[in-house]
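Data first, discussion second: the structure below is written as structure tokens.
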Amino acid sequence: MVVTGWRPSSAICVVGSLLLLLGILAGAVNRSVVDGARFAEHVDVIRTDPVVARQVGTAITVRLLVVDPDLVAVRPLLEAAATSLVSSPSFGPVVRAAVRQAHRAATSDDPGQIVLRLADLGVVLAGVLRVVAPSEAARIPADLDLTLAQLGGRTVGARTVRLTRTVGVLAWLLPFLALCLFAAAVALADDRRRVTVTVGRGLVAVGAGVGAVALAGALAGTLVNTDTLRGALVAAAAREFGGTLWWVAAVPATAGALVVAAGSDRLPRLDAATLRRAWDRLTPPAPGRWWRIGRGAALLLVGLGLLVRPALIARLVAVVGGILLGVAGIGELTAPLGTRQRPEPAPASWLRRRPAAVGGAAGLAALLVVVLLGAVPADRRLPAATTGTTGCNGHEELCGRSYADVAFPATHNAMAAADEPGWFLPEQPTGLVGQLDAGIRVLLIDAWYGQRTSRPGLVATAPASHAAALAAAERDFGKPAVTSALRIRDAVTTRPTGPVEPYLCHGLCEIGATEWAPEMTRVRAWLDAHPREVVTFVIEDSVSPADTAAVFARAGLSPLVHTQRSGQPWPTLEEMIDSGRRVVVMMERQGGGAAYPWLMPAFEWIQDTPYRNPTAADLSCRRERGTDANPLLLVNYWLGNDFRSLVTDARAINALAVLAPYLARCEAERGTRPNFVAVNYFDQGDLFRAVDELNGVG
């Protein structure tokens, strides 16, 4: 007796669909959670959720009141200030950097404890109170320490490592097995067309399953009690991570619909006649009242969408257009012969003899896109674009000018980047290459010796340099700020694990470090892509000339460096570019001597202005270092060492109405053009316009 009710191919398709569903979900987790950069972006979005910000602000206030119960008199002010701080855009780089660093630590094999401290938050809040309630500011304890989160030790870390590795494997293994099962089901079936339709229905079911997970997350977010910090975080996370699943769900559902249509011979051909008939239905000669109302409402919604969310509408149009083009392509491949007039019928091609196979392959090819996207974490960093200008540093007028007769936009502490992990007290929005992309041409950097530690992402100052580095950091930022930042280092058990190497650090590498040689390799790639640019480095050097020269050699920059001989006039920018020697390097403390003459002693060539200016009224044009005979003038144009207001201070003094008159005053007092205009947060204000005015270019 033959049992006809059970079909092995159908069972195989069901198993394949379940594996694919699990694989796509694993891919979504791998893409959004296991990928550290994307996870940090999601966390930052959650941080800006108004309910989350309010609950975090309340938690901070409660901790403040534990430290000093008398502050209850200004509790509403504290809550408002803390909430505003947590949700502010300026807090984003801090959160993203901290999350990326914690993510790397949590997914490593290190057995040590992980403790995250936002140690400076109390100091920042004290600064807010000094502005809005000066009389209450003194009541904030000087040793305030806010512990916001603590993650567990070895057990949690090991479990997290195993989980991330498992998810990464499942993200590609399960979809691969599912596709193998689908292929086996079709190959083993007596009626392959029917099984192709079954596979397509399975894909539609997979899309529906992913959509159901997204819907469940959205519903869970609405049911959670958001009156607690945990509840607010859960609700915001459900909305943020669940929202990414809707687009993921659309891919298998659409692919399945195409496969079903192809296998059922129901896929229409989108030729000119079909499109004309569709248009005729949309524009009848005498449309009824409700038809006109519906069509008008649809057009109005599309128009409003283009005005309010043009990017979203463009994505929707692209998705719909892609689906229609896919339908048209499969319709052409699977259409039966005889649909068009031919002089002599030709034998059916292989493609048209097997429409189900063609349709299935086309649909599954689309599905592979989402599988591959889920299995491979993203790297969003794009290479710099090549410039096509024939000018010099962006302007034809500068080509014939001597290097010493050109003004260049410059950045103070250029290595201290807010968008790079691990940097406390950053003074620029982005790193060296990002600054070069924006138009900065003089980079003031600090070089120190550091060592990697057992904690991923944490660099320790080399023991021989530690005392000098600590003194430099306290000089620039003040002892309380440095002590606060160092709590991150003290909160974890670390040990040096790597060799002593040159790093870009602002004194202490524990509060921010970038390995120097790889960063200079990226600078070399940027210079290759921008052959008409002259770039200068002014290095506050606690690294020897020999090791500095080795960094430049490893990065491939040695052939590009310029050596200026004493007593000789500076070449023009055009001459430097034509010679290929278009990188100027100066060292503030040592210089390269006869061994490395291109490492020029900075203050034999530069005279500068004071670099300690507590307020805008203190900005002076008097000479600080160098001699009046030195041909290059460096303007140190930043305020004080109050890290709580670095961005707003820069925004205030970098404004054209403030910066341009100051530069004109310095040019008049010193009798020479300011060559290097060095600022904090170059993206605030009008640095580039002020420099263009100095150069007389538009």
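Each reported figure results from applying straightforward, stated rules to the coordinates on display, with no laboratory input. Just so we're clear, the structure is a prediction, and the values are computed from it rather than from any experiment. Here the Cβ positions follow ideal geometry from the backbone for every residue, glycine too, while neighbour counts run over all protein chains shown.
Which length gain, in nm to one decimal place, applies between ALA208 and ALA183 when the Cα-Cα distance is subtracted from 0.36 nm times their residue separation?
Additional length available on full extension: 6.8 nm.
What is the distance in Å between the Cα centres of the stretch 200-257 and the stretch 599-622?
57 Å
How far apart, in nm, are the 7 Å Cα→Cβ label points at ASP190 and LEU223?
About 4.6 nm, to one decimal.
Starting from 0.36 nm per residue, how many nanometres of slack lie between ARG230 and SER84 once their C-alpha separation is accounted for?
Extra length available between ARG230 and SER84 comes to 50.6 nm.
If the chain between THR497 and TRP246 were fully stretched, how many nm would it gain, using 0.36 nm times the residue separation less the Cα-Cα distance? It would help to have the intermediate numbers written out before the result.
Numbers: separation 251, 0.36 × 251 = 90.36 nm, distance 4.44 nm.
Gain in length upon complete extension: 85.9 nm.
Between ASP547 and GLU624, what FRET efficiency follows from the Cβ-Cβ distance if R0 is 22 Å, with the result rounded to 0.05?
Working: r = 27 Å, r/R0 = 1.25.
FRET efficiency, ASP547 to GLU624: 0.20.
Using the beta-carbon distance between ALA525 and GLU397 and R0 = 22 Å, what value does 1/(1 + (r/R0)^6) give for FRET efficiency, to the nearest 0.05?
Values: r = 28 Å, r/R0 = 1.27.
The pair ALA525/GLU397 has a calculated efficiency of 0.20.
Which of rounded, prolate, oblate describes the stretch 515-577, given a ≥ b ≥ c as roots of the alpha-carbon gyration tensor eigenvalues and a/c under 1.5 marking rounded, otherwise prolate only if a/b is larger than b/c?
oblate
With an 8 Å Cα cut-off and a minimum separation of 6 or more residues, compute the relative contact order for the stretch 504-643 in percent.
Details: 209 pairs, mean separation 26.4, N = 140.
Relative contact order for the stretch 504-643 comes out at 19 percent.
Which of rounded, prolate, oblate describes the stretch 617-698, given a ≥ b ≥ c as roots of the alpha-carbon gyration tensor eigenvalues and a/c under 1.5 marking rounded, otherwise prolate only if a/b is larger than b/c?
oblate
Grab the beta carbon distance between ASP437 and LEU301, set R0 = 30 Å, and tell me the FRET efficiency rounded to 0.05.
Step by step, r from the Cβ atoms, then E = 0.20.
Provide Rg and Dmax in Å for the stretch 195-246, with only Cα atoms included in the calculation.
Cα only, the stretch 195-246: 15.0, 51 Å (Rg, Dmax).
Can you bin the stretch 547-672 into rounded, prolate or oblate? Criterion: square roots of the alpha carbon gyration tensor eigenvalues sorted a ≥ b ≥ c, rounded for a/c under 1.5, prolate for a/b above b/c, oblate for the rest.
Taking the square roots of the gyration eigenvalues as a ≥ b ≥ c, the stretch 547-672 is prolate.
How many nm is it between the label spots at ALA655 and PHE176, if each spot is 7 Å from the Cα in line with the beta carbon?
That separation, rounded to one decimal, is 6.0 nm.
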